[in-house]
1. What are the residues whose amide H is under 5 Å from the amide H of residue 188, where those residues sit 5 or more places off or on another chain and H is modelled from the backbone?
2. In percent, what relative contact order does region 138-286 have, based on Cα pairs under 8 Å that are 6 or more apart in sequence?
3. Does region 81-195 classify as rounded, prolate or oblate by the C-alpha gyration tensor (a ≥ b ≥ c root eigenvalues; a/c under 1.5 gives rounded; else a/b over b/c gives prolate, otherwise oblate)?
4. Rounded, prolate or oblate, given the Cα gyration tensor of region 138-286, with a/c below 1.5 counting as rounded?
5. Long-range amide H contacts for residue 156: which residues qualify at under 5 Å (H placed 1.01 Å from N, peptide plane, sequence gap of 5 or more or a different chain)?
6. Relative contact order for region 1-102 using alpha-carbon pairs under 8 Å, separation at least 6, rounded to a whole percent?
7. Taking the Cβ of residue 62 as the centre, find all other residues whose Cβ is under 13 Å away and add up their charges (Lys, Arg: +1; Asp, Glu: -1).
8. Would you grab the residues whose amide H sits under 5 Å from the one on residue 258? Only those 5+ places off in sequence or on another chain, please, with H modelled 1.01 Å from N.
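A short reminder: the numbers here are calculations on the coordinates, not readings from a lab. Small disclaimer: the values here were computed from a predicted structure and weren't measured. Cβ placement follows ideal geometry from the backbone for every residue including glycine, while neighbour counts extend to all protein chains displayed.
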Amino acid sequence: MVNTPPSTPILILGGGVAGLAAAVDLARRGLACTLAEREPALGGRARDFCCKAVSACARCGACRLADLLAEAAARPQITIYTQALATSARPAEGHGWQVELAPAGPAAPLPIGPGQPLPGRVSLAAQAVILAVGPQPFDPAGKSSLGYGRVPGVISALELEARLVQGAWEQRPAPAKLAFIQCVGSRDQSLGRLWCSRVCCGYALRLARLLKASRPDMDIAFFHMDVQDYGRAWEEELAGLRREMRFVRAMPGEVAAGAGGPEVVFALAEGKQMREAFDLVVLSQGLGPPAGAGALAQMFGLARTQDGFLGRAEEPVAAGAAGVFVAGACQGPRSLTESIDHAGLAAAAAAAYVASTKGAGRG
Ligand SMILES: Cc1cc2nc3c(=O)[nH]c(=O)nc-3n(C[C@H](O)[C@H](O)[C@H](O)COP(=O)(O)OP(=O)(O)OC[C@H]3O[C@@H](n4cnc5c(N)ncnc54)[C@H](O)[C@@H]3O)c2cc1C
Ligand code: SF4
Ligand code: SF4
């Protein structure tokens, strides 16, 4: 069934922090918008992140989600559909876009937070569209030499966080010896993924500090090329972290199964080959272009960056098609706070576009 075609000044695809921040920004300007999220709940990746504070706030940015959700729910200008997917789009008469939305799977039995599941197929006329569909974390199985899915005791950083959230080590002892391997799926010529994902050094170090707080004698090795700046005061923090764990400047070539746990094979700067066993090896996966980047780019006739993210690297919020804008980490690796700020720019550009096309022909 196709519902009566509604219209909206601005349609936002994606309800992570960037989509929510764009919606809230537009609402504060008095502009109505419709936010369509694919999943049953809003929040995107930030929904999975726990607080990383140990003795003080670790500035991970995760708690900004709660404020955005509360404001998006309270603003009458924002209509929220969950479990909604754009299936096609075409330029509308004059200007703007006609976008077909379809339910993404059967409706969840109970609402999870703000928004309602898309009630059926909807054809929506939008004067402008903001794409805020987020990045795709690298699947560590794509770097087979590091043993993910093959060697017991090798997990991804996101899986480590899930174990922490589930209280995995409250009942049984936490691992005594743990390795983080950085830049998995980033800065890697062999995978054709040359970019730095920018957030994974800070993410891994915050996780490491949280683990150390629960088990201070834990031996943690941090295998890295270099440590990416992860915000204010990081240099002072880094000095402290260097006292708490081993920073090993080497990129392991292999993780192999060993009798005492996964073994990391690496070369020291002077060329000496090393092999060291750990209880747990954590792969710090990077960020890549959104999973559906190709389909979305085709649907809206969008440009893509050299690395495959949506839009143009040199024009931060322009997507390469009239009336379409990009927000957050679907345009390139960004932290939560950076994605929120970027969404503010996208909302301002979309609002200006809508104002400029009032009474005009196709822009
Ligand atoms: C391993 C890892 C660690 C990280 N660590 C940190 C950290 O410590 N600190 C930090 O600040 N940042 C961190 N980040 C980055 C952070 O996750 C991003 O900055 C943030 O999630 C970007 O927000 P977003 O809204 O652009 O994307 P997302 O959070 O990914 O949200 C995108 C939303 O769009 C929805 N969506 C996708 N496709 C469609 C579609 N076609 N139609 C409708 N909806 C769609 C998704 O379901 C999702 O809800 C990390 C990321 C990863 C992967
Ligand atoms: S920013 Fe992160 S570490 Fe700080 S209080 Fe919020 S969730 Fe916790
Ligand atoms: S942020 Fe750190 S781990 Fe991530 S790609 Fe950049 S250097 Fe590598």
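1. 193, 194, 195
2. Relative CO of region 138-286 lands at 35 percent.
3. Details: a/c = 3.53, a/b = 1.76, b/c = 2.01.
Oblate, because a/c is 1.5 or more while a/b does not exceed b/c.
4. Details: a/c = 1.30, a/b = 1.06, b/c = 1.23.
Rounded shape, in that the Cα axes give a/c under 1.5.
5. HN-HN under 5 Å from residue 156: 283.
6. Details: 149 pairs, mean separation 28.3, N = 102.
Relative contact order of region 1-102: 28 percent.
7. Numbers: positive: 45, 47, 52, 59, 64, 206; negative: 48, 67, 161.
Neighbourhood net charge equals +3.
8. 263
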